[in-house]
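Read the figures in this text as sums done on the coordinates, not as results from a lab. Not measured: the values here are computed from a predicted model. All Cβ positions, glycine included, derive from the backbone under ideal geometry; neighbour counts span all protein chains shown.
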Amino acid sequence: MALLESIKVPLGSLLPAFELKDPDGRCFKSEGLAGERGLLVVFTCNHCPYAQAVWPRVIRLGEYAKGMRVGVVDINPNINPDYPDDSPEKMRARIQELAIPFPYLVDEGQLVARTFKAQCTPDIFLYNNKRELVYHGRIDDNWKDESAVTREDLKEAMNNMVSGLPQEKRQYPSMGCSIKWNSIA
């Protein structure tokens, strides 16, 4: 597992439009996924130990976001024959196992991940209701041990966004396994 950090994407960048399917073939468009107050986009997968460690937090924070009228979507860019645990069939099983309450979409061609400049799983992007990036960073300060978390960066960013408060100037990158690119674009 190659450990990578997310790269800096300029705050204020506009949400790239996209259209992806879930493992059952239902189509979702970015504009339909956004809530009244914004959209939380999480690039993640099934096999990465970093992603596995934070899945419960992603689900809880997703529910929290939905309660604030922020849409939520998870996107799996690791559709690669060398990683069968990330196949759409395994995604379907993960959705049922964890009772994922929001779309978990297949980025089979990896174009959406490339457009967002996603690097790792998880890689987190929070957009406001103007479709502007307001947060791109980690979930919290301890991916490995949730009981040792002292700072919930993503939750704070969501609270600031819906309250109209400024975001923290320093945003710490997310880190996780590298996206398993099928080819170099």
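What's the local net charge at G109, with K and R +1, D and E -1, over the other residues with C-beta under 12 Å away? Before the final figure, lay out the partial values.
Values: positive: K21, R114; negative: E19, D107, E108.
That works out to -1.
The separation of the stretch 75-127 from the stretch 29-43, counted between C-alpha centres, amounts to 15 Å.
Taking the Cβ of L4 as the center, what net charge do the other residues with Cβ under 15 Å away carry, scoring Lys and Arg +1 and Asp and Glu -1? So the environment of L4 carries a net charge of +3. Compared with the dominant principal axis of the Cα atoms in the chain, helix 49-67 is inclined by about 50°.
Sequence-distant contacts, meaning Cα pairs under 8 Å at least 6 residues apart, place the relative contact order of the stretch 3-178 at 32 percent.
C120 sits among other residues whose Cβ lies under 13 Å from its own Cβ, and their net charge, with Lys and Arg +1 and Asp and Glu -1, is +1. The 3J(HN,Hα) values that the Karplus relation (6.51, -1.76, 1.60; θ = phi - 60°) gives for the stretch 106-114 are, in residue order, 9, 9, 4, x, 6, 5, 5, 4, 5 Hz. Gly and Pro appear as x. Peptides 171-179, 52-60 ranked from most to least packed give 171-179, 52-60, packing being the mean of other C-beta atoms within 10 angstrom over each peptide's residues.
From least to most packed, judged by other beta carbons within 10 angstrom and beginning with the fewest, V9, V41 follow the order V9, V41.
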